[in-house]
Every structure is written in C-alpha cells, then in structure tokens.
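All remarks here apply to the structure that follows.
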C-alpha cells in the first residue's frame, strides 16, 4: 500500500481559517440582511471567536503566548453559544445564572494557563488539560440546553444537544491517551493530533452554523403560524366580546345543524334593550362592559356544544342543538338572572334583555330561521322589552306562541 504523507499543518490551518471565516461571514451576512432574534449575534460571535482561535495557531511558534489565547478562543465556543441560547429561549429556566458561564470559562482557561506556564514542554499535560476543559465546557453547555423546555419539540435543538454530548465523549480517548504521556517526553510532534482537532473544529462549526440558521428559520415559521392564527381569530371572532362574528357563527352553526336530528335545534336572538341609553348613561366604555358581560354570561351558561355569536351592535345569536323552545326560554331566563346578579355585584344598573326564540324546522335554512327569530325579537321589543317571545312558522307571517317576561322589568 502507498504511504500516506502526513497533512501539512500550516496549510491545513490556513484552509481551516478560510472555512471558519466563510462560516462566520455567512452568519454575519444573514444577521444584517434578514430578520434575526435575540441571541443570534452571540452565535455569530462564537463563530468569529473560533476563526480567531485558529488564526492564532499561525503565530504560535513566533509568539508562544498565542497558544493559550487560541485555547481560550476555542473553549469559548460552547459557552458563547450558550449565551445565545439564553437570549433565544429567554423564557426557559436555565439551571445557573448567566454570570456562572463566565466563571466556567475563566476556570477552564486558568486550568490550561497553569499547565502551560509550569510545564510548557509537557505536551501530554497540555493536551490532557485542553481535552478535559473542553469536555467540561461541552457537558456544562449540554446540561444547560437540556433545561430548555422546547428541546424535545425542536429537532434542531435536540440535534445540538446530541452534538454537544457526542463532542464531549469524542475527546475522552484523546484525553486518556495524553494522560498516559503526562510528564514523559514526546518524540512525535503529531502526538497532539492537531490535524484531527482542526478538522473536528471545522465540522463542529459548520454543524453549529447550520443548526443556528435552522433554529432561526424555525422561530420565524412559528411566528408566521402564530400571526396566521391571530389573523384567523381576528377574522372569525368579535374582538370585544370574544365570541364568533356573524360569518363565523353561520359557518359553525351550519356544520352543527348537519349533525343534529332535523327539527331538534333551537335558535335564540337576543339583545340589550335601550342600548343607546346605556351608552349615554355610562359612556361607551360602560356599553362595552355591558356587551362583554352579556356575551360572557352566554358562554358561561351554555353547554359546550351550544354556539353563541355576535351579529353586530347589541344583538347576539345562540344555537342550541337538541333543545326545545320551552328549554330555550328557560335558558334565556337563567341568562337574564345571571346578568342581573353580576350587575348587582358591581353596583351597576340592571340590564334589560329581549329574546326571540324559534325551533328550526326540518328543511328550514339557517337564514330563514334567523329571520323568523329576528321577527320574534322585534315582537318582544314591541310588547315592552325585557321578555322572550317564541315564533312558529305561519302561512304568511310567524305565529308568536310564547311570550314571557324575564328578570327585572325594563327601565
């Protein structure tokens, strides 16, 4: 077999510096040209630090102090990445405060500095110490990333956690090999396995750049989904009362009616009597509170399968599946009593509500039933307000079959 020549370390170091410079430049370009999130620039700083650490190796033989500086810039990578994670996942409960990361970094550098100062020619001691502090920093960072509550839901965060653990474990054989050479002369300069370290550095940096960009895009996608959800809510719900608007109520009611037995559902239209006077007496803020109270009472008293919506102004609508007109009238009475009780507890004037109630007949459309309920509501107002009126289909106009007062007399 042909003999493989060892890698030329200066050339390899130059190639590594070029690759690291490219990776850091890509992170910077993305940061200045696209939307990023808190913590992103910490990740970018970690890549530039790695690049500077590799560049220091060029001058190691001329300026020996460049070696510990290179170690410091190499060891900082997982801890600077962790600083970015703290900002990116700011709502997570990390296991230590941010200042403790700096303590870990300084302790790691102090350990290597001590060995380098007292045993500058002991390659085994230097390699073993460097591997040990790297393992400690990687495992410490992995321990902190594991505390992020989203790590199981995000495949990219899970990949980063696995990478940190694997990177720490991969350095264990090198540390053990160096411990066996502690204090002994090393004749082979490649004992420190610098080519392997540099190639591992490149692989780690490229992986981290890829994961950081994916985490950023994942957060952007989540924000877009949340924005779409909020827009959907704004399009489907009345923002004041937090009940479906007319369009969305009609969509849900049509679906609900398809699941009900024909002729088994009741429809109620109801509104606040003399709502303009409520606004005049209490201001528009008081009118808004009245609307929210009525909608909240409906949501509280109705069943989970019932539907309530706001038609506009002070008028609301409710669909009650598998409910007779008589039961719907009882619901109206309970709703009025609940509103009266809430207003009394707030020492506010009582509200008068009027209801129009109909049984949706087999084959009758929701639009026709709503029109009939609206006629019943108008009849309730004509009869003096503060009451519920039920209507059945008639040959030309509805027959108003039930009429009962509700709650307190109208004002």
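The values are calculated or read from the model by the stated rules, or taken from the named source; none is laboratory data. No experiment lies behind these values; they were computed from the predicted model shown. Quick reminder, even Gly has a Cβ in these numbers, built from the backbone with ideal geometry, and neighbours come from all protein chains shown.
Could you pull out the residue among 319, 346, 351 that is touching a helix residue (DSSP H, G or I) at 6+ places or on another chain (Cβ under 9 Å), crowded, with 22+ Cβ neighbours inside 10 Å and modelled with pLDDT under 90? Exactly one of 319, 346, 351 is touching a helix residue (DSSP H, G or I) at 6+ places or on another chain (Cβ under 9 Å), crowded, with 22+ Cβ neighbours inside 10 Å and modelled with pLDDT under 90, namely 351. I'd like to know if region 274-283 contains one or more residues that are at pLDDT 90 or above, buried (at least 19 other Cβ atoms within 10 Å of the Cβ) and in contact with a strand residue (DSSP E or B) (Cβ under 9 Å, 6 or more places away or on another chain). No. Scanning region 379-399 for residues that are in contact (Cβ under 8 Å) with a residue 40 or more places away in the chain and not in a loop (DSSP other than H, G, I, E, B) yields 381, 388, 390. Among the residues of region 256-264, is there at least one that is surrounded by 15 or more Cβ atoms within 10 Å (Cβ to Cβ), out of contact with any strand residue (DSSP E or B) (no Cβ under 7 Å at 6 or more places or on another chain) and closer than 30 Å to residue 80 by Cα? No, region 256-264 contains no residue that is surrounded by 15 or more Cβ atoms within 10 Å (Cβ to Cβ), out of contact with any strand residue (DSSP E or B) (no Cβ under 7 Å at 6 or more places or on another chain) and closer than 30 Å to residue 80 by Cα.
One residue stands out in region 25-71 among those that are out of contact with any helix residue (DSSP H, G or I) (no Cβ under 8 Å at 6 or more places or on another chain) and not in a loop (DSSP other than H, G, I, E, B): the one that is nearest to residue 12 (Cα to Cα), namely 25. Considering each of 108, 83, 132, 142 in turn, give the residue that is surrounded by 14 or more Cβ atoms within 10 Å (Cβ to Cβ), under 21 Å from the mean Cα position of the chain (by Cα) and touching a residue at least 24 places away in the same chain (Cβ under 8 Å). The conditions single out 83. Can you tell me which residue is farthest from residue 203 (Cα to Cα) among those in region 118-168 that are out of contact with any helix residue (DSSP H, G or I) (no Cβ under 8 Å at 6 or more places or on another chain) and part of a helix (DSSP H, G or I)? Looking at residues that are out of contact with any helix residue (DSSP H, G or I) (no Cβ under 8 Å at 6 or more places or on another chain) and part of a helix (DSSP H, G or I), I get 118. Report yes if some residue within region 238-246 is touching a helix residue (DSSP H, G or I) at 6+ places or on another chain (Cβ under 7 Å), free of Cβ contacts under 8 Å to residues at least 24 places away in the same chain and farther than 25 Å from residue 327 by Cβ; otherwise report no. No, region 238-246 contains no residue that is touching a helix residue (DSSP H, G or I) at 6+ places or on another chain (Cβ under 7 Å), free of Cβ contacts under 8 Å to residues at least 24 places away in the same chain and farther than 25 Å from residue 327 by Cβ. Tallying residues that are at pLDDT below 80 and within 12 Å of residue 273 (Cβ to Cβ) within region 376-411 yields 5.
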